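Student: Before anything else, here's the structure in question.
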Amino acid sequence: MVIYTPMIPELIWEGADGFRPSFQEIQVGRLTLLVEPLGFQQARVVRLLSTDPADYLYSPYQPGRVVSFVPGRVTDPWKE
């Protein structure tokens with residue numbers, strides 16, 4: 001990666017070492033999702049772990065979507 005900027009590298013990359021996201025792997029029905037908890041009962045889908053191509057077309061669980069997330073109680077998308 002090449003960055004063209006007049007700023008010194010220390011200013012550009014300041015704080016990059018300290019960023020440690022916390023991911024959790026959850027099971028939703030037959031889907032396995034890697035999510036990043038955002039706060040109270042919300043999580044962002046980081047990755048969908050599946051070998052079935054049809055699962056990637058199901059829009060509520062596409063990466064980047066914010067879903068309601070209560071540990072221990074997740075709704076099954078195939079029963080909605």
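The values are calculated or read from the model by the stated rules, or taken from the named source; none is laboratory data. Remember, it's a predicted structure, so these values are computed and weren't measured experimentally. As a convention, Cβ positions derive from the backbone with ideal geometry for all residues, glycine included, and neighbour counts pool all protein chains shown. Just so you know, the surface numbers come from the protein's heavy atoms only, side chains and all, with ligands and any DNA or RNA stripped out. Shrake-Rupley method; radii C 1.70, N 1.55, O 1.52, S 1.80 Å.
Student: Take the range 54-63 and flag every residue that is part of a helix (DSSP H, G or I) and either closer than 26 Å to Arg20 by Cβ or within 10 Å of the chain's Cα centre (by Cα) (or both).
Tutor: Residue satisfying the conditions is Tyr61 alone.
Student: Any residue in the range 45-58 that's under 24 Å from Val70 (Cβ atoms) and touching a residue at least 12 places away in the same chain (Cβ under 8 Å): show its pairings with residues that are open to solvent by 50 Å² or more (accessible area, probe 1.4 Å) and in a strand (DSSP E or B) at Cβ separation under 6 Å, as long as the two are six or more apart or on different chains.
Tutor: Nothing qualifies.
Student: Let me ask you something else. Here is a list of conditions, (1) surrounded by fewer than 11 Cβ atoms within 10 Å (Cβ to Cβ); (2) touching a residue at least 12 places away in the same chain (Cβ under 8 Å); (3) not in a loop (DSSP other than H, G, I, E, B), and Ser22 meets all of them except one; can you say which number that is?
Tutor: Unmet condition: (3).
Student: Could you list all residues from the range 40-53 that are open to solvent by 50 Å² or more (accessible area, probe 1.4 Å), part of a strand (DSSP E or B) and not polar (S, T, N, Q)?
Tutor: Of everything in the range 40-53, those that are open to solvent by 50 Å² or more (accessible area, probe 1.4 Å), part of a strand (DSSP E or B) and not polar (S, T, N, Q) turn out to be Arg44, Val46, Arg47, Leu49.
Student: Hey, any hits in the range 58-65 for a residue that's open to solvent by less than 90 Å² (accessible area, probe 1.4 Å), modelled with pLDDT under 85 and not hydroxyl-bearing (Ser, Thr, Tyr)?
Tutor: yes
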